[in-house]
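Some notes on the structure that comes next.
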Amino acid sequence: MKGKQYFLIIIFTLIGGMIGGIISDRFIIGSPAFAEKSSLNRLKSIGAEKFVVTDKDGDIRAVFGLVEEAPTLMMFGRDGSLPRFLIFDDKRCRAELYLGANGEPSLNLYDEKGTMRTALGTVRIKVPKTGELQNLYSSLVFFNEDGNIHWSVP
């Protein structure tokens, strides 16, 4: 092919495209699509089999949903940050399930004033006579209203 033939092919392609665009615009009429406006400001429910929370690096930090067909909540720590599960009433934390600095599990229950009343697992307490902090492993401790030990095992 010579230069004139390439030139003619390009010209006819442009003219054909313009004619086709004009014809389709005149005879094939479409309507624009818009999102439906809603008066609701919030969702009432969301359905999913599983919700996964990831950190900025894309690592999974929490999973809530069906795992092996059972409802499950999992949380994963990373680099010194250990998972913690807190339950609040309208004012304060009332229950806390977490792993301590060395990975020891603990369940703490608080009263309406925020004072720890029950601790199960690894409990860090202040020894009244010496004032030093001591970790009690595999223990159950009940505290009175003032935060002092009422009863404990071991």
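What follows draws every value from the coordinates through simple rules; no lab data is involved. Computed from a predicted model, the values in this text were never measured in an experiment. Ideal geometry is used to build each Cβ from the backbone, glycine not excepted, and the neighbour counts take in all protein chains shown.
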Read-out Cα Rg over 2.2 N^0.38 Å, derived from the coordinates shown; its label in (1) 2.21; (2) 1.52; (3) 1.17 = (1)
Quick one: what are the phi-derived ³J(HN,Hα) couplings along the stretch 143-154, Karplus 6.51/-1.76/1.60 with θ = phi - 60°, whole Hz, x for glycine and proline?
-> 10, 8, 5, 8, x, 8, 5, 8, 7, 8, 9, x
Which angle between 0 and 90 degrees, to the nearest 10, do you get for helix 3-27 versus the longest principal axis of the chain when only C-alpha atoms count?
-> 70
Partner aspartates and glutamates for Lys113 [C-alpha distance under 14 Å; skip if fewer than 8 residues away on the same chain] = Asp89, Asp90, Glu145, Asp146
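Can you tell me the length gained on complete extension of the stretch Leu133 to Val52, counting 0.36 nm per residue apart and subtracting the Cα distance?
25.4 nm
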What trypsin sites (Lys or Arg not before Pro) in the stretch 71-112 are in a loop by DSSP, with at most 10 other Cβ atoms within 10 Å of the Cβ?
-> Lys91
Phe76 long-range amide H proximity, modeled H, under 5 Å = Ala62
Scoring the chain by relative contact order with C-alpha pairs under 8 Å, at least six apart, yields a percentage of 9
